[in-house]
1. Going down the table (Lys59/Lys242; Lys129/Lys260; Lys101/Lys260; Lys101/Lys242; Lys76/Lys283), which pairs top 28 Å between alpha carbons?
2. Work out the FRET efficiency for Thr38 and Ser161 from their Cβ-Cβ distance, taking R0 = 25 Å, and round it to the nearest 0.05.
3. Placing +1 at every Lys and Arg Cβ and -1 at every Asp and Glu Cβ, with all other atoms neutral, what dipole size does segment 2-282 have around its Cα centre, in debye to the nearest 20?
4. Report D for the chain in µm² per second (integer): Stokes-Einstein, Kirkwood Rh on Cα pairs, 25 °C, 0.890 mPa s.
5. Could you please tell me the mean projected area of the C-alpha convex hull for segment 229-283, averaged over all directions and given in square nanometres to one decimal?
6. Which value at 222 nm does the chain reach when only helices count, each DSSP H run of 4 or more adding -39,500 (n - 2.57), with the total divided by all residues and rounded to the nearest 500 deg cm²/dmol?
7. Sort Tyr34, Tyr239 so the one with the fewest other Cβ atoms within 10 Å of its own Cβ comes first.
8. Order of Arg208, Arg28 from fewest to most other C-beta atoms within 10 Å?
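Read-outs: derived from the displayed coordinates by stated rules, not from any lab. Keep in mind that what you see is a predicted model, and the values were worked out from it rather than measured. Note that we place each Cβ from the backbone using ideal geometry, even for glycine, and neighbour counts take in every protein chain shown.
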Amino acid sequence: MKFKFTFLIFAVAAVAIFFMRQENFVPRTALDIYQHFTDNTEADAIPGLTTETALEIQKHVVYALSENWGGIAGYKAAITNPDIQQKMGIEQPLLGIFLNKMLLESPAVINISAATHPFAEADLLVRIKDSAINNAKTDQEILASIDQVIPFIEVPDRLFSTDKPLTADMLMAINTGARYGVMGEPIPMELIENLNLCQVGIVYEEDRSHLKTGACSSLMGNPVNVIRWLRDRLLALNYPLKPGAYLSLGSLTSPVPIKKGRLTAIYTGLGNQQHVSVSVLFK
């Protein structure tokens, strides 16, 4: 009888320790990611991560970063390419959050040492005009709630080792790699006849290296589809969009390696100018 009672005590204690460890896993892992982000050091892989836990870690990381990086400036859709989604075992993009100090104005200067494993992508940014977008039904109604389209170079940070596969849950835990984004001159939405027709090329100016090209039609078939997905995803999380919020619609090009020099993205099909550009100098 005494043996059974002692065994029961140990069993209860083991269960309690397990749940305590699980309960502490989220804040402990978020703090670890925050420290690596702040120190620009490589984070260790996170074994046994689930989607629900990754979302909770992301919330904690963003909250911790907001003390020095400012409040929420906008949101991003990561992994909009269906082929990459399939490889990562997901069926939709991942939601990321941009804080105020992550967004820089072109021409920006970024020190390469200010990130762990950075890379660059030509992207597209839009700004919310009014909260009517939260109730918009048609594509036209959604686009009517946008007041600016902005050429955009995102500079994400993988943070984890490049030698090992990156899972979707690990990417979510690090806030989809959000680190920096460089904004070009905004273009009034009313000047754009068809957002789906824009094209972009991105290249280092000095030696014309790492030329990548892309089209806005690659963004889930049409940029408005990404806007709708972001709106719906945020509403599902009880975060309705507010006027002035920025939405990053996803990568238009394959990743560009970071090296010293000026990287410029040139867009056509946006507004009444022949082309518009955005650039960043890596030092």
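1. Table pairs above 28 Å Cα-Cα are Lys129/Lys260.
2. Between Thr38 and Ser161 the formula returns 0.85.
3. For segment 2-282, the charge dipole is close to 660 debye.
4. Roughly 123 µm²/s, to the nearest whole number.
5. Result: 6.2 nm².
6. -10500 deg cm²/dmol
7. Exposure proxy ranking, most exposed first: Tyr239, Tyr34.
8. Exposure proxy ranking, most exposed first: Arg208, Arg28.
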